[in-house]
Amino acid sequence: MDFMRRENERRSKFRFAIERDVHYKIAEDGVVVAAGSGQTINLGSGGVAFVTEKPLTPGSFVELSISWPVLLGESCPMRFVVFGRVLRSSGLRAVCTIDKYEFRTQARSIQASATTRGDGMLQRWAVGMRKEAFKTSMAGV
């Protein structure tokens, strides 16, 4: 794998150039408002750069589901699921933080969903993050 690091790079962590299929969901105010698919550009321990179908709004909560290149037990496909916030977006490229992550097993084939479910983990995580931020701001008052 190729390390993404230059002389004038401000990041303290390495990025790995990994191109994998990604599905994303965007939540605002605890509701999924957009979903799409794309391709990762690179991954690091603190964030993911990826290509989207349409521009994303910085600050939005995002859930990424990335196809993982290694099989579990040499037979079971895996997905790397990331929860974070969109840091920046330029055209169809976006970068998000990795605030929480998990590995999940996946079906042998991905089945398209006609509707976006409203009961997802992204919404629960985003609501919890907003509550925590509110508690922190109230403690300082």
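The values are calculated or read from the model by the stated rules, or taken from the named source; none is laboratory data. Keep in mind that this is a model prediction, so the values were computed, not measured. Glycine gets a Cβ as well: all are built from the backbone with ideal geometry, and neighbour counts include every protein chain shown.
Annotations for the structure displayed:
- Among the residues of segment 37-67, the one identified as aromatic (Phe, Trp, Tyr) and touching a Ser or Thr at 6+ places or on another chain (Cβ under 7 Å) is Phe50.
- For Arg108: the one exception among (1) modelled with pLDDT of 95 or more; (2) more than 23 Å from Trp125 (Cβ to Cβ): (1)
- Considering only residues in segment 75-103 that are of a type in the set (S, T, N, Q) and surrounded by fewer than 17 Cβ atoms within 10 Å (Cβ to Cβ), the one that is farthest from Gly46 (Cα to Cα) turns out to be Ser75.
- Filter result for Val32 (surrounded by 13 or more Cβ atoms within 10 Å (Cβ to Cβ) and at pLDDT 95 or above): no
To keep it simple, each residue is scored yes or no on (1) assigned to a strand (DSSP E or B); (2) under 13 Å from Ala94 (Cβ atoms); (3) among the charged types (D, E, K, R).
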position	(1), (2), (3)
Lys13	no, no, yes
Ile18	no, no, no
Ala27	yes, no, no
Ala34	yes, yes, no
Gln39	yes, yes, no
Leu43	yes, no, no
Ala49	yes, yes, no
Pro55	no, yes, no
Pro58	no, yes, no
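- From the list Val70, Val81, the lone residue that is outside any loop (DSSP other than H, G, I, E, B) and hydrophobic (A, V, I, L, M, F, W, C) is Val81.
- Some residue of segment 86-97 being at pLDDT 95 or above, within 9 Å of the chain's Cα centre (by Cα), over 18 Å from Arg124 (Cβ atoms) and among the aliphatic types (A, V, I, L, M): yes
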